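As structure tokens, the structure follows; a few thoughts come after it.
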Amino acid sequence: MRVEFRLSGSGGQGLLLAGIVLAEAAILEGKNAVQTQSYGPEARGGSSKAEVVVSDEDIDYPKATDPDYLLALTSESYKTYGKLMGAGLVILDSSVTLDPEIKARTVSLPILKTAAEDIGKKVVANIVALGVLGGISGAATAQSLEAAVKNRVPKGTEELNLKALRAGLDLAKTAMPQVDWTMKRSKNER
């Protein structure tokens, strides 16, 4: 089993931390994981990307070459990486408009809105997204994700971040019928 993730958005959204937490959660379950990252020179507001590879076996190449999951929180990241997606699934924030030229299977969820309105802190959108990725992919259990969140978020913010993680896991559950449908549809199109 090798599962590849690409988390993309803009600098300051915390996607690098989300990638680190996802990798740590997989490691806590005895899997191998590697996380890489890149971001524009602007840092905040510029583009950012984190990649995570999770495997039951040794990982011989640390980059995502054909991601199983693409998380896109901005229009720019969706347009840049969405068109590169093969058979994987794009998880798109609902604020981003679908591009008809991007043919990848896509699920749209209110990740940023959930963080800002339901949790009350837009700064935890990365952890909401982490819950969505974990819940949809099954790459790590909720318990491992919670433990990794507690290990990695700033002290004093654990409960806020755990609330955000659980909100993301709940979003993943609501998305599963849509995810299952897109997977069935893509198999029929082959």
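Exposure proxy ranking for Met1, Met85, based on other Cβ atoms within 10 angstrom of each Cβ and starting from the fewest, stands as Met1, Met85. A protection proxy built from the mean count of other Cβ atoms within 10 Å ranks the segments 112-121, 148-157, 7-16, 86-95, most packed first, as 7-16, 86-95, 112-121, 148-157. Taking square-rooted eigenvalues a ≥ b ≥ c of the alpha carbon gyration tensor, is region 1-105 rounded, prolate or oblate, where a/c under 1.5 means rounded and, failing that, a/b exceeding b/c means prolate? Oblate is the answer for region 1-105, as a/c is 1.5 or above yet b/c matches or exceeds a/b.
Model label points for Ala116 and Ile27, set 7 angstrom from Cα along the Cα-to-Cβ axis, are 3.4 nm apart. Where in region 94-135 does the label zone of Thr157 land, with the point 7 angstrom along Cα→C-beta and an amide N cut-off under 11 Å? Only 122-127 fall inside the zone, counting backbone N under 11 Å.
Counting every other Cβ atom within 10 Å of each residue's Cβ, Val128, Val179 order from fewest to most as Val179, Val128.
Between region 50-67 and region 78-103, how many Å separate their Cα centres? One Cα centre to the other: 20 Å.
Computed on the chain, with alpha-carbon pairs under 8 angstrom and 6+ residues apart, the relative contact order is 21 percent.
Per-residue ellipticity at 222 nm, computed for the chain from helices alone with -39500 (n - 2.57) per DSSP H run of at least four residues, works out to -13500 deg cm²/dmol. Of the options [x] 21.9, 79; [y] 15.2, 49; [z] 17.8, 55, only one is Rg and Dmax of the Cα atoms in Å as computed from these coordinates, and that is [y].
Share of antiparallel DSSP beta bridges in region 2-189, in percent to the nearest 5?
55 percent
All of the numbers you see were taken from the coordinates with simple rules; none came from a lab. Just so it is clear, the model here is predicted, and its values are computed rather than measured. So basically every Cβ, Gly included, is an ideal-geometry build from the backbone, and we count neighbours across all protein chains shown.
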